[in-house]
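Every read-out reported here was derived from the displayed coordinates using simple, explicitly stated rules and does not represent laboratory data. Computed from a predicted model, the values in this text were never measured in an experiment. Using ideal geometry, Cβ is built from the backbone for each residue, glycine included, and neighbour counts are taken over all protein chains shown.
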Amino acid sequence: MKSEIKRKTKETDIAAALDVSGGEVSVATGVGFFDHMLTALAVHAGWGLTLSCQGDLQVDAHHTVEDCGIVLGRALKEALGSKSGIARFGNAGIPMDEALAKAHLDVSGRPFLVWHAAFSQETVGGFDICLCEEFFRALAFNAEVTLHLELCYGGNAHHEAEALFKAAAHAFRRALAPREGLLSTKGVL
């Protein structure tokens, strides 16, 4: 369950190699806090991930963050193929000190994002925290998963964002756990 995706636009140049069975993690986007979040996502999901991005950071981090979500989502979709042999559904609640986040997902082939998160601060280390939603939307729609994310409470935006990324990671870990056959009454996803 591996894939490699490259995507080059006038705004970003991204290469990603994903192994949902595990492996080393190396992320370099030029956006420190985002690298930290992507690393947490991969490590906690149990994925091997190598991702590099050259983006138009002289503008801001928006294109870099969104396009990394597009590429990672496409890599995940490709790695999962027919989606046979996975649990399909996953959920997790993750506390990070004072913050609590929950994630619920369905690897269904039906892309959707439900986002309920009001952060305590607007930036973390120069990173516009609102870009977390852009990343998860791009990831969900390109991976073709239904993803519900909720920040229940918190007081520090770093902890709040990290709880969301780790909750999504653990939900993915559960959804991609091995099982027999394809979990669908239709016989196809």
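Restricted to region 110-151, and to residues that are under 18 Å from His62 (Cα atoms) and among the acidic types (Asp, Glu), which residue is farthest from the chain's Cα centre (by Cα)?
Once the filter is applied, the top-ranked residue is Glu122.
Return a yes/no flag: does region 121-134 have any residue that is free of Cβ contacts under 8 Å to residues at least 24 places away in the same chain, more than 19 Å from Ser21 (Cα to Cα) and not aromatic (Phe, Trp, Tyr).
yes
Restrict the check to region 15-32 and report whether at least one residue is without any contact (Cβ under 8 Å) to a residue 24 or more places away in the chain, under 28 Å from Gly126 (Cβ atoms) and either in contact with an Asp or Glu (Cβ under 8 Å, 6 or more places away or on another chain) or surrounded by fewer than 17 Cβ atoms within 10 Å (Cβ to Cβ) (or both). Reasoning before the result, please.
We begin by selecting, within region 15-32, every residue without any contact (Cβ under 8 Å) to a residue 24 or more places away in the chain; these are none.
There is no residue in region 15-32 that is without any contact (Cβ under 8 Å) to a residue 24 or more places away in the chain, under 28 Å from Gly126 (Cβ atoms) and either in contact with an Asp or Glu (Cβ under 8 Å, 6 or more places away or on another chain) or surrounded by fewer than 17 Cβ atoms within 10 Å (Cβ to Cβ) (or both).
Return yes or no: is Phe141 touching a Gly at 6+ places or on another chain (Cβ under 8 Å) and under 17 Å from His158 (Cβ atoms)?
Spelling it out, it is not the case that Phe141 is touching a Gly at 6+ places or on another chain (Cβ under 8 Å) and under 17 Å from His158 (Cβ atoms).
Please specify each residue of region 95-109 satisfying the condition of being under 17 Å from Phe136 (Cα atoms) and either in a strand (DSSP E or B) or under 14 Å from the mean Cα position of the chain (by Cα) (or both). Spell out how you get there, then give the answer.
Taking region 95-109 and keeping what is under 17 Å from Phe136 (Cα atoms), we get 101-109.
Once the filter is applied, which keeps residues that are under 17 Å from Phe136 (Cα atoms) and either in a strand (DSSP E or B) or under 14 Å from the mean Cα position of the chain (by Cα) (or both), region 95-109 yields Ala101, Lys102, Ala103, His104, Leu105, Asp106, Val107.
Applying the selection to region 7-17, what residues are touching a Gly at 6+ places or on another chain (Cβ under 7 Å) and part of a strand (DSSP E or B)?
Across region 7-17, the qualifying residue is only Thr12.
Can you find, within region 33-63, the residue that is farthest from Pro178 (Cα to Cα) among those that are among the aromatic types (Phe, Trp, Tyr) and assigned to a helix (DSSP H, G or I)?
Phe33
Filter region 165-181 down to residues that are small (Gly, Ala, Ser) and part of a helix (DSSP H, G or I) and give me whichever is nearest to Pro95 (Cα to Cα).
Ala167
Which one is farthest from Gly69 (Cα to Cα), of the residues in region 114-128 that are touching a strand residue (DSSP E or B) at 6+ places or on another chain (Cβ under 6 Å) and of a type outside the set (Gly, Ala, Ser)?
The residue in question is His116.
Among the candidates Glu78, Glu4, Glu66, which residue alone is surrounded by fewer than 18 Cβ atoms within 10 Å (Cβ to Cβ), acidic (Asp, Glu) and assigned to a helix (DSSP H, G or I)?
Glu78
Given the structure, is Cys152 free of Cβ contacts under 8 Å to residues at least 12 places away in the same chain and either of a type outside the set (Phe, Trp, Tyr) or surrounded by 16 or more Cβ atoms within 10 Å (Cβ to Cβ) (or both)?
no
Filtering region 137-164 down to residues that are out of contact with any strand residue (DSSP E or B) (no Cβ under 6 Å at 6 or more places or on another chain) and in a helix (DSSP H, G or I), which residue is nearest to Ala92 (Cα to Cα)?
So, considering only residues that are out of contact with any strand residue (DSSP E or B) (no Cβ under 6 Å at 6 or more places or on another chain) and in a helix (DSSP H, G or I), the one nearest to Ala92 (Cα to Cα) is Ala161.
Against the definition (touching a residue at least 40 places away in the same chain (Cβ under 8 Å) and in contact with a helix residue (DSSP H, G or I) (Cβ under 6 Å, 6 or more places away or on another chain)), how does Glu11 come out, yes or no?
Details: touching a residue at least 40 places away in the same chain (Cβ under 8 Å): yes; in contact with a helix residue (DSSP H, G or I) (Cβ under 6 Å, 6 or more places away or on another chain): yes.
Criteria met by Glu11.
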